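J.: After the structure tokens below, expect a handful of questions from me.
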Amino acid sequence: MYGVLTPNEKSAIKELAENEGILLDPVYSGRAFYGMLDHIKSQKIEKGANILFWHTGGLPANFYYSEELMP
């Protein structure tokens, strides 16, 4: 669902923020990053493959979702 923050996006956003200091928005980049992680973890992407994740921005959306993103 568009604009609905799920636990999947929240966990992916948190994982990248904690490990790399990169913030993702929950609507587009956060959902795309979760999808990429899911493909890696479920081995839909071959181990050792080169992966490019293109961060498309969207930081202002974090202000709208700030209460949902904070623990």
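J.: For the range 36-71, enumerate the residues that are under 14 Å from P7 (Cα atoms), surrounded by 15 or more Cβ atoms within 10 Å (Cβ to Cβ) and free of Cβ contacts under 8 Å to residues at least 60 places away in the same chain.
T.: Correct list: L37 only.
J.: While we're looking at this one, here's another question. Where in the chain are there helices (runs of 4 or more DSSP H), lying wholly inside it, with at least 3 residues that are among the charged types (D, E, K, R)? Before you say what the answer is, go through the steps one by one.
T.: Working: elements: 7-20, 29-41, 61-64, 66-69.
Of the helices (runs of 4 or more DSSP H) lying wholly inside the chain, those with at least 3 residues that are among the charged types (D, E, K, R) span 7-20, 29-41.
We did not get these values from a lab; they are worked out from the coordinates using the rules stated. Since the model is a prediction, treat every value here as computed from it, not as a measurement. Don't worry about glycine lacking a Cβ; one is built from the backbone with ideal geometry, like all the others, and counts go over all protein chains shown.
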